[in-house]
1. How long is the gain from Glu121 to Ala69 if the chain were fully straight, where each residue apart is worth 0.36 nm and the alpha carbon distance is subtracted?
2. Hey, can you find the accessible area per residue of the stretch 30-96 for me, probe 1.4 Å, expressed in square angstrom?
3. For Val52, enumerate residues with amide H under 5 Å from its amide H, sequence gap 5+ or separate chain, H modeled in the peptide plane.
Amino acid sequence: MQIAPRLALPAFTAVLTLSACATASSQTPLPDGRDIALGQRAMVDGPVVQPVEILEDSRCPANARCVWAGRVRVKMLWLRPTGEKQPFEVTLGEATPLADGAIRLESVRPEKETAAPIAPEDYRFSLRFDGGL
(Lines give C-alpha, C1' and ligand atoms only; values in the text may rest on other atoms or scores of the structure.)
Protein backbone atom coordinates (compact mmCIF):
# COMPACT_ATOMS: atom_id res chain seq x y z
CA MET A 1 0.00 0.00 0.00
CA GLN A 2 2.85 2.45 0.62
CA ILE A 3 4.33 1.95 -2.86
CA ALA A 4 1.38 3.60 -4.65
CA PRO A 5 1.76 7.03 -2.96
CA ARG A 6 5.51 7.07 -3.69
CA LEU A 7 4.87 6.39 -7.39
CA ALA A 8 2.02 8.89 -7.65
CA LEU A 9 4.17 11.99 -7.10
CA PRO A 10 6.71 11.22 -9.90
CA ALA A 11 3.88 10.30 -12.28
CA PHE A 12 1.99 13.52 -11.48
CA THR A 13 5.18 15.57 -11.97
CA ALA A 14 5.77 13.94 -15.37
CA VAL A 15 2.22 14.76 -16.49
CA LEU A 16 2.62 18.42 -15.49
CA THR A 17 5.98 18.65 -17.27
CA LEU A 18 4.60 17.18 -20.50
CA SER A 19 1.56 19.45 -20.44
CA ALA A 20 3.82 22.49 -20.05
CA CYS A 21 5.83 21.42 -23.11
CA ALA A 22 2.68 20.99 -25.17
CA THR A 23 1.47 24.47 -24.21
CA ALA A 24 4.78 26.12 -25.14
CA SER A 25 4.89 24.57 -28.61
CA SER A 26 1.30 25.53 -29.46
CA GLN A 27 1.82 29.26 -28.93
CA THR A 28 -1.21 31.35 -29.94
CA PRO A 29 -0.17 33.82 -32.67
CA LEU A 30 -0.49 37.54 -32.10
CA PRO A 31 -3.54 38.90 -33.96
CA ASP A 32 -1.59 41.25 -36.26
CA GLY A 33 1.84 42.05 -37.63
CA ARG A 34 2.69 44.98 -35.35
CA ASP A 35 5.24 44.87 -32.54
CA ILE A 36 6.46 41.27 -32.98
CA ALA A 37 9.50 40.11 -30.98
CA LEU A 38 11.98 37.41 -31.96
CA GLY A 39 10.37 34.03 -31.32
CA GLN A 40 6.79 35.34 -31.28
CA ARG A 41 4.24 34.10 -33.79
CA ALA A 42 1.88 36.53 -35.48
CA MET A 43 -0.94 36.36 -38.00
CA VAL A 44 0.02 38.92 -40.63
CA ASP A 45 -3.08 39.50 -42.75
CA GLY A 46 -3.36 35.75 -43.36
CA PRO A 47 -0.04 33.90 -43.01
CA VAL A 48 1.29 33.04 -39.55
CA VAL A 49 4.97 33.97 -39.34
CA GLN A 50 7.68 34.00 -36.70
CA PRO A 51 10.92 36.04 -36.71
CA VAL A 52 13.72 33.78 -35.47
CA GLU A 53 17.06 35.52 -36.03
CA ILE A 54 18.61 38.89 -36.91
CA LEU A 55 20.83 38.17 -39.91
CA GLU A 56 22.02 41.76 -40.37
CA ASP A 57 21.43 45.13 -38.78
CA SER A 58 23.71 47.60 -40.50
CA ARG A 59 21.40 50.60 -40.05
CA CYS A 60 23.08 53.94 -39.53
CA PRO A 61 22.81 54.86 -35.84
CA ALA A 62 20.35 57.69 -35.14
CA ASN A 63 23.13 59.77 -33.53
CA ALA A 64 25.68 59.39 -36.36
CA ARG A 65 26.27 60.51 -39.94
CA CYS A 66 26.60 57.72 -42.47
CA VAL A 67 27.20 57.43 -46.19
CA TRP A 68 24.83 54.46 -46.42
CA ALA A 69 21.53 54.07 -44.53
CA GLY A 70 22.21 50.35 -44.02
CA ARG A 71 19.68 47.55 -43.89
CA VAL A 72 18.07 44.95 -41.67
CA ARG A 73 17.64 41.30 -42.67
CA VAL A 74 15.65 38.86 -40.55
CA LYS A 75 15.32 35.09 -40.80
CA MET A 76 11.64 34.12 -40.53
CA LEU A 77 9.47 31.01 -40.46
CA TRP A 78 6.17 30.70 -42.27
CA LEU A 79 4.02 28.38 -40.15
CA ARG A 80 1.87 26.72 -42.77
CA PRO A 81 -1.58 25.29 -41.96
CA THR A 82 -0.17 21.80 -42.60
CA GLY A 83 2.25 22.23 -39.68
CA GLU A 84 5.27 22.68 -41.94
CA LYS A 85 7.71 25.45 -40.96
CA GLN A 86 9.07 27.07 -44.11
CA PRO A 87 12.08 29.39 -43.62
CA PHE A 88 12.42 32.62 -45.56
CA GLU A 89 14.17 35.97 -45.21
CA VAL A 90 12.88 39.54 -45.17
CA THR A 91 14.75 42.81 -45.70
CA LEU A 92 13.52 46.10 -44.28
CA GLY A 93 11.44 47.97 -46.88
CA GLU A 94 11.46 45.19 -49.50
CA ALA A 95 8.64 42.88 -50.58
CA THR A 96 9.33 39.15 -50.24
CA PRO A 97 7.11 36.65 -52.13
CA LEU A 98 5.15 34.45 -49.71
CA ALA A 99 2.12 32.22 -50.21
CA ASP A 100 -0.15 33.96 -52.74
CA GLY A 101 1.23 37.44 -52.15
CA ALA A 102 4.18 39.29 -50.63
CA ILE A 103 5.25 40.12 -47.09
CA ARG A 104 7.06 43.34 -46.24
CA LEU A 105 9.14 44.20 -43.16
CA GLU A 106 7.87 47.75 -42.62
CA SER A 107 9.75 48.81 -39.52
CA VAL A 108 12.33 47.67 -36.98
CA ARG A 109 12.59 49.07 -33.46
CA PRO A 110 14.42 50.33 -31.50
CA GLU A 111 16.53 52.71 -33.53
CA LYS A 112 20.20 51.93 -33.53
CA GLU A 113 22.48 54.10 -31.36
CA THR A 114 26.27 54.34 -31.33
CA ALA A 115 26.48 53.97 -27.52
CA ALA A 116 25.20 50.39 -27.14
CA PRO A 117 24.24 47.38 -29.25
CA ILE A 118 20.61 46.23 -29.34
CA ALA A 119 19.91 43.04 -27.40
CA PRO A 120 18.04 40.45 -29.53
CA GLU A 121 15.11 40.41 -27.08
CA ASP A 122 14.64 44.19 -27.51
CA TYR A 123 13.96 44.05 -31.27
CA ARG A 124 10.38 44.62 -32.45
CA PHE A 125 9.18 44.19 -36.03
CA SER A 126 6.15 45.37 -37.98
CA LEU A 127 5.15 43.31 -41.00
CA ARG A 128 2.45 43.64 -43.66
CA PHE A 129 1.14 41.01 -46.09
CA ASP A 130 -0.24 42.07 -49.46
CA GLY A 131 -2.19 39.50 -51.40
CA GLY A 132 -4.39 36.61 -50.55
CA LEU A 133 -7.86 35.65 -51.57
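1. Taking 0.36 nm per residue and subtracting the Cα distance, the gain is 16.4 nm.
2. Here the residues of the stretch 30-96 average 56 Å² of exposed surface.
3. Long-range HN contacts for Val52: Gly39, Lys75, Met76, Leu77.
The values are calculated or read from the model by the stated rules, or taken from the named source; none is laboratory data. This one's a predicted model, so the numbers in the text were calculated from it and none came from an experiment. We work out accessible area using only protein heavy atoms, side chains counted, and drop any ligands, DNA or RNA first. Shrake-Rupley method; radii C 1.70, N 1.55, O 1.52, S 1.80 Å.
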